[in-house]
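As structure tokens, the structure follows; a few thoughts come after it.
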Amino acid sequence: MFSDFQSLDLFPSSPGDILWNLVLALLCGLAIAFVYRRTANGSGYAPSFLNSLVLLTLITALVIMIIGNNLARAFGLVGAMSIIRFRTAVKDTIDIVFIFFALGVGLAAGSGSHAIAVTGTIFIGAVIMLLSRMPATAGRRREYLLRISLEGGDAASTAHLDVIERYCRKHRMVDVTARGGSEAMELSYYVHVKDADRNQEFIRDLRAVPSIGHVSLFFDDEQY
């Protein structure tokens, strides 16, 4: 019975079928990366992670085609992959969800279950997009901690507000700290930026204000 199972040809063997599976995995991987990009919290994502999702989908499809229904290959591949150690910390649990998303779609595409791969990508992607827009599940998106060092005391303390209002939907001051006996102050704000892709421009315009000495913009553990 085991030999009969080994003789079953359930996976593609022709170059055309293999190429089609990889193309489908690529398209689904791009769709998964697009959903991640649209739903990532602020700038909590890295461009390299988007590329990794696409490549993970492709590689998973390739691996499942290599294994096929051969148990010896499966055990051999497990042994070979066990030497790899992943030490990159995952900041958000949703990143793990997307990794499994890419793995599942890659498995479906590589095994020739094209309808499952496409339908799963569309349906799960739509659910993720929907959840990201629900107030109960979206959370405080795009909220950053902005720290500004001002020189010149209270007379210069409002020069930066025009820049903040230009780049942020909302802002609220959370801390004011005086530096020793000088007139220098450090202001801290929680801000909701309009466009996270313009954070560098936001900081550059703040630094161009004559009274500002230092600017820091934080999102989670990331600093700009």
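The values are calculated or read from the model by the stated rules, or taken from the named source; none is laboratory data. Just so we're clear, the structure is a prediction, and the values are computed from it rather than from any experiment. As a convention, Cβ positions derive from the backbone with ideal geometry for all residues, glycine included, and neighbour counts pool all protein chains shown. In case anyone asks, the SASA skips ligands and DNA or RNA and just uses the protein heavy atoms, side chains included. Shrake-Rupley method; radii C 1.70, N 1.55, O 1.52, S 1.80 Å.
Determine the pairs where a residue that is free of Cβ contacts under 8 Å to residues at least 60 places away in the same chain, located within the stretch 27-40, has a partner that is in a helix (DSSP H, G or I) with Cβ atoms under 7 Å apart, the partner being 6 or more residues away or on another chain.
As it stands, the answer is 30/54; 33/50; 33/53; 33/54; 37/50, since those pairs meet every condition given.
Is there any pair linking a residue in the stretch 212-224 that is over 20 Å from residue 162 (Cα atoms) and at pLDDT 75 or above to one that is open to solvent by 60 Å² or more (accessible area, probe 1.4 Å) and not acidic (Asp, Glu), with Cβ under 6 Å and at least six apart or on different chains, and which?
Taking only residues 6 or more apart or on different chains, not a single pair turns up.
So which residues in the stretch 161-205 are out of contact with any Phe, Trp or Tyr (no Cβ under 7 Å at 6 or more places or on another chain), modelled with pLDDT of 80 or more, open to solvent by 70 Å² or more (accessible area, probe 1.4 Å) and farther than 22 Å from residue 38 by Cα, if there are any at all?
Selection gives 162, 165, 166, 190, 204.
Of the residues in the stretch 1-45, how many are assigned to a helix (DSSP H, G or I) and modelled with pLDDT under 55?
Matching residues across the stretch 1-45 total 6.
Select from the stretch 103-117 the residues that are assigned to a helix (DSSP H, G or I) and small (Gly, Ala, Ser) and write down the one among them that is farthest from the chain's Cα centre (by Cα).
115
Please go through the stretch 105-127 and pick out each residue that is open to solvent by 40 Å² or more (accessible area, probe 1.4 Å) and closer than 19 Å to residue 52 by Cβ.
Passing the criteria: 107, 124.
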